[in-house]
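Report on one structure; see the data block that follows.
The values are calculated or read from the model by the stated rules, or taken from the named source; none is laboratory data. Predicted model, so just to flag it, every value in this text is computed and none were measured. Here the Cβ is made from the backbone with ideal geometry for all residues, glycine too, and neighbour counts use every protein chain on show. We work out accessible area using only protein heavy atoms, side chains counted, and drop any ligands, DNA or RNA first. Shrake-Rupley method; radii C 1.70, N 1.55, O 1.52, S 1.80 Å.
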Amino acid sequence: MDIALTRQWVQAVAEAMDEHKDRLTQLDAAIGDADHGANMNRGFSAAVTALDTFEPESVGQLLTKVGNTLISSIGGASGPLYGSAFRAAGKALTTPEPDAAEFLAALRAGLAAIQAMGAAVLGDKTIVDAYAPALDAFAEELGAGGDLAHAAARAAKAADDGAHATIPLQARKGRASYLGPRSIGHQDPGATSTALIFEALAKVVNP
Amino acid sequence: MDIALTRQWVQAVAEAMDEHKDRLTQLDAAIGDADHGANMNRGFSAAVTALDTFEPESVGQLLTKVGNTLISSIGGASGPLYGSAFRAAGKALTTPEPDAAEFLAALRAGLAAIQAMGAAVLGDKTIVDAYAPALDAFAEELGAGGDLAHAAARAAKAADDGAHATIPLQARKGRASYLGPRSIGHQDPGATSTALIFEALAKVVNP
Amino acid sequence: MKKFLNTPESVLSDALAGMAAAHPGLHVDQNAGVIRRAEETRVGKVALLSGGGSGHEPLHGGFVGTGMLDAACPGEVFTSPVPDQMLAAAKAVERGSGVVFVVKNYTGDVLNFQMAAELAADEGIEVQTVLVDDDVAVQDSTWTAGRRGTGATVFVEKIAGALAEQGADLAAVAGIGRRVNEASRSFAVALTACTTPANGKPGFDLPDDEIEIGVGIHGEPGRHRQKLAPAREIVASAMDAILAEPALADAGQVIVMVNGLGGTPLMELYVVFHEVAALLADKGAAIARSLVGNYVTSLDMAGASITVCRADAELLSLWDAPVNTPALRWGL
Amino acid sequence: MKKFLNTPESVLSDALAGMAAAHPGLHVDQNAGVIRRAEETRVGKVALLSGGGSGHEPLHGGFVGTGMLDAACPGEVFTSPVPDQMLAAAKAVERGSGVVFVVKNYTGDVLNFQMAAELAADEGIEVQTVLVDDDVAVQDSTWTAGRRGTGATVFVEKIAGALAEQGADLAAVAGIGRRVNEASRSFAVALTACTTPANGKPGFDLPDDEIEIGVGIHGEPGRHRQKLAPAREIVASAMDAILAEPALADAGQVIVMVNGLGGTPLMELYVVFHEVAALLADKGAAIARSLVGNYVTSLDMAGASITVCRADAELLSLWDAPVNTPALRWGL
Ligand SMILES: Nc1ncnc2c1ncn2[C@@H]1O[C@H](COP(=O)(O)OP(=O)(O)O)[C@@H](O)[C@H]1O
Ligand SMILES: Nc1ncnc2c1ncn2[C@@H]1O[C@H](COP(=O)(O)OP(=O)(O)O)[C@@H](O)[C@H]1O
Ligand SMILES: [Mg+2]
Ligand SMILES: [Mg+2]
Ligand SMILES: [Mg+2]
Ligand SMILES: [Mg+2]
């Protein structure tokens, strides 16, 4: 994973958020407060702008910058959570251009930050439900000798499955938890945006 | 016109207002503030209640009592207008049980009170547009040798025609005047309630 | 119709009971239909009395208190009160120096207050009437009942109330009320119709992309209908109508109210106020004082009115005088 | 969507510009996203700071002023503000005695204020947080993010603000804020959904004869849906939920707020207040102080919330202390 590719990833995420903002907002309208699309779009478009004039020396610096920008521009629950995840991923990297395994470790640090902050576990109908299976798939593929491209593709698929799998769940964290059983039957917006982030990764690392 | 008959008239008006309150309110919704039905119903049901315990010595006293009760219970434009009309009619009567001509004079005093107070003339899209033609028809019938029953029947017809004839008019008095040309095409609620009052009269004097 | 009420018939008495429970500074006499100060008006003070149909809350009952009204008479919803109410109120608050009636220019209000003034005169109470007619959406011509009274009522009641509190006589209190009215103009726009409890459905049908321009405060349709437009354009046309009035032609200090009609949230009123302020700045007028909020409502109507009053030092100092009512309070 | 706005993107900055124009007592820094008192907080005074998503006006900016908040941070509509805003605000108003953050219990608000507190600590600013979680419609269990913060925020900000103004130290100000929160419970009912400018349509579909019970202030659906009922029944079930709380079990003096969610007129709020007052009287509780009006709104949602706070002499005397903000003003 090099700096140029990471830039492309952030760019691709921004494009995906812009494209899917209405869908994310509709999902959030059903069990939240109808702002997740606007939030993610604002955050990643700010990240792209911030990167325009930023010349990082490492992928880690770049990811940290993205995290800080998300924190400073999103607000809501998703701002600190995604922001901290990118920051933690960035800080976890010790080499300027990580290989697939190092990149996986960084992504793991990101998930750990989300869970440290939001205390959600698998099944709570949150970001975690897409993020955690994505990392499992990523790791499995690497373990089986796959490269970054294949690992990212499998992670994207797993994140998307994870997001879909939130539909029958009852939310136990975040705003959707207020609905109690009425949160059942709706896909979690945060898990969905996580799936989009992994999908963007798969797209940019697959030539 | 005797006291018993006058009581029956007021009772019949109250019944008509109750029956037609929604229609009057709908007419008022179109070019006013949607309260004319409630207003008239409140006023005449108060009048009936007031008469329950009132033993007048003349038709004039009875009509004055009705007028005072309308003033004290309706509010809005119609309260003072109808109230003053009934008061003026009552005060105009000098004999306890007026004949048809004396009754006509009393009704004329009522119209005069409305016009003195509200300054509306024929064609302004108000009560006057039903009241004035009703009196003309009443007078014409008496002039032609007709009795109270026939005069009242013709007055009722004329009032109803007059109310219908307000449809193409642009209002120049009252709340409907605020709409300017948009008041055209709707029947005036006050003219309509006046038609109901004359219809009730025709009903009770026609055995 | 979705409202918090028990029955359409009981909405007024339930609301008055709620007002009484919420505001110990008010004395609410349901039988007489009078809201007055719990504390007796002091001897020699000119009493200020207003009233009108209900459904415009906080107008008028919410403006009863020190520095503003002595009493208010709430009518049925959108129906002016009956003369008996004003007579009872006048008798309750008159302290030998006469009573000023603040009357919004509607046929019903005018006639009922006029009858009340006659009845009061019969009882030896001197009455002066201030007629409020500030709504420029209505032409003042022989073709209409004259301009309606709307937002300026708040300004008249505040400023005349302050002068009365300072001990001025009947003529002076009525005079300043008339002066405020002459210096004030309003214009209102509705995004939705309102629903009276008795009617149970919206007073008019308005498509999802249209608004009513030049509405009153009784749910009547306005002067015309147009497509929804950005706040900037809506405010510009309202302000054009207001500032075309000779009374407001010259720049200078103004008191401005951006008033919600009942169903419009404060956030949108601030958006409107921003546009009003920008336009006034363009004209060289200075906003000396302002109100943004729900002061003269029309039940649940979504919409807003703008009122501008050309103010001199005297009016501003009376504006700043202490007031302590449920809906306006400062300096106390 | 029918709203007074220019574009959905500009609604927040336009509204903030309107606030700035309407309230000379506020200093609105659009760049930093901070509303603070125009007059500098005095040296040695504990600063009180709050914030949250916009769309709840007058909360929070309308409560900035003497005797209440020193600063407020408005987020995007229904989106909690970002830590940078709270850090900028804290730096602007801190006067050597620390800052109290009043935070409504939502994951977003909690996380962003928490990050801000860490950043402030890095800059040597001492921060204490008062978490408001008064909404009994949400069970406080491991199955949820805990009770939401709603109407009690007004009580916390008023009372802690008064103590801060009197010169109390950081621990005392935060302490009384927490005490007020523990003594307060709320419940809200929606008659309609609200529409965020960005979404452009109502957050949920609600048939003409149904209402949502136990809603929050972000347009989320509530705990359940039911048929429209008379105000008396709706209030009774809300009050049952509130008074079932141990914190409010014993009778005594209470402060009560009946709050409109943005689209409900004052008249209906008085109807609700009447029912609340009747129920409290039945329980032997005395309404010592009350507020009826729009204080914590949810854009244009028609609905109301009820907040009850069990108050002792200390809380009441702090409640009565002077306050001078756009939305609450007395004693000054
Ligand atoms: N404690 C948590 N841990 C992980 N994710 C969470 C948590 N709370 C909320 N989320 C995620 O945040 C999403 C909502 O984000 P967003 O709508 O932007 O913020 P808000 O709820 O403040 O409006 C939810 O769909 C959920 O996936
Ligand atoms: N100046 C007037 N002279 C005669 N009738 C009038 C006048 N102004 C209004 N009206 C009548 O009053 C009717 C409305 O009465 P109502 O709805 O009860 O009162 P309001 O207009 O105060 O709500 C109108 O339809 C009209 O016929
Ligand atoms: Mg959300
Ligand atoms: Mg009417
Ligand atoms: Mg009326
Ligand atoms: Mg949000």
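Below is a table of values for the structure above.
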quantity	calculated
Residue that is farthest from ligand 2 (Cβ to nearest atom) [pool: residues in region B:180-189 that are at the interface with chain C (Cβ under 10 Å from one of its Cβ atoms) and open to solvent by 10 Å² or more (accessible area, probe 1.4 Å)]	B:Pro181
Among the candidates B:Ala105, B:Ala77, B:Ala16, B:Ala88, residue that is more than 16 Å from ligand 2 (Cβ to nearest atom), of a type in the set (Gly, Ala, Ser) and modelled with pLDDT of 95 or more	B:Ala105
Some residue of region C:155-168 being assigned to a loop (DSSP other than H, G, I, E, B) and of a type in the set (Phe, Trp, Tyr)	no
Cβ pairs under 9 Å, 6+ apart, first in region A:16-44 and over 24 Å from A:Leu179 (Cα atoms) and of a type in the set (Asp, Glu), second more than 10 Å from ligand 3 (Cβ to nearest atom) and assigned to a helix (DSSP H, G or I)	A:Asp18/A:Asn41; A:Asp18/A:Phe44; A:Asp18/A:Ser45; A:Glu19/A:Leu196
Within region B:19-37, tally of residues that are among the aliphatic types (A, V, I, L, M) and at pLDDT 95 or above	2
Extreme residue, surrounded by the most Cβ atoms within 10 Å (Cβ to Cβ), among residues of region D:212-230 that are closer than 22 Å to D:Phe273 by Cβ and at the interface with another protein chain (Cβ under 7 Å from one of its Cβ atoms)	D:Gly216
Unique match (being open to solvent by less than 30 Å² (accessible area, probe 1.4 Å) and touching a residue at least 60 places away in the same chain (Cβ under 8 Å)) among D:Gly108, D:Gly65	D:Gly65
Near pairs, Cβ below 7 angstrom, 6+ apart or cross-chain, from region D:135-157 (facing chain A (nearest Cβ under 8 Å)) to any residue that is buried (at least 20 other Cβ atoms within 10 Å of the Cβ) and hydrophobic (A, V, I, L, M, F, W, C)	D:Ala137/D:Phe187; D:Ala137/D:Ala188; D:Thr144/D:Val138; D:Arg148/D:Val138
Every residue from region A:158-175 that is open to solvent by less than 10 Å² (accessible area, probe 1.4 Å) and within 14 Å of chain D (Cβ to nearest Cβ)	A:Ala171
Residue in region A:70-87 that is open to solvent by less than 10 Å² (accessible area, probe 1.4 Å) and more than 17 Å from D:Thr107 (Cα to Cα) present	no
From A:Ala101, A:Ala92, residue being open to solvent by 50 Å² or more (accessible area, probe 1.4 Å) and not basic (Lys, Arg)	A:Ala101
Residue in region A:50-66 that is surrounded by fewer than 23 Cβ atoms within 10 Å (Cβ to Cβ), away from ligand 3 (no atom under 16 Å from the Cβ), within 12 Å of another protein chain (Cβ to nearest Cβ) and part of a helix (DSSP H, G or I) present	no
Condition broken by C:Leu316, with the remaining ones in (1) open to solvent by less than 10 Å² (accessible area, probe 1.4 Å); (2) more than 17 Å from the chain's Cα centre (by Cα); (3) away from chain D (no Cβ under 11 Å) satisfied	(1)
Qualifying residue in region A:27-36 (condition: out of contact with any helix residue (DSSP H, G or I) (no Cβ under 8 Å at 6 or more places or on another chain) and buried (at least 23 other Cβ atoms within 10 Å of the Cβ))	yes
Residue within region C:280-300 that is free of Cβ contacts under 8 Å to residues at least 40 places away in the same chain, within 23 Å of C:Cys194 (Cβ to Cβ) and out of contact with any Lys or Arg (no Cβ under 9 Å at 6 or more places or on another chain) present	yes
Number of the exception - D:Met1 against (1) among the hydrophobic types (A, V, I, L, M, F, W, C); (2) assigned by TED's automatic domain parsing to the domain that holds D:Glu126; (3) open to solvent by 30 Å² or more (accessible area, probe 1.4 Å)	(2)
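Matching residues to (1) closer than 13 Å to B:Ala14 by Cβ; (2) among the hydroxyl-bearing types (Ser, Thr, Tyr); (3) within 16 Å of ligand 4 (Cβ to nearest atom):
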residue	(1), (2), (3)
B:Ala46	yes, no, no
B:Thr49	yes, yes, no
B:Gly67	no, no, no
B:Leu70	yes, no, yes
B:Gly76	no, no, yes
B:Pro80	no, no, yes
B:Gly83	no, no, yes
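Here's the yes/no breakdown for (1) assigned to a helix (DSSP H, G or I); (2) open to solvent by 10 Å² or more (accessible area, probe 1.4 Å); (3) within 21 Å of D:Ala288 (Cα to Cα):
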{"residue": "C:Glu9", "(1), (2), (3)": "yes, yes, no"}
{"residue": "C:Asp14", "(1), (2), (3)": "yes, yes, yes"}
{"residue": "C:Ala20", "(1), (2), (3)": "yes, yes, yes"}
{"residue": "C:Ala32", "(1), (2), (3)": "no, yes, no"}
{"residue": "C:Arg42", "(1), (2), (3)": "no, yes, no"}
{"residue": "C:Leu49", "(1), (2), (3)": "no, no, no"}
{"residue": "C:Gly75", "(1), (2), (3)": "no, no, no"}
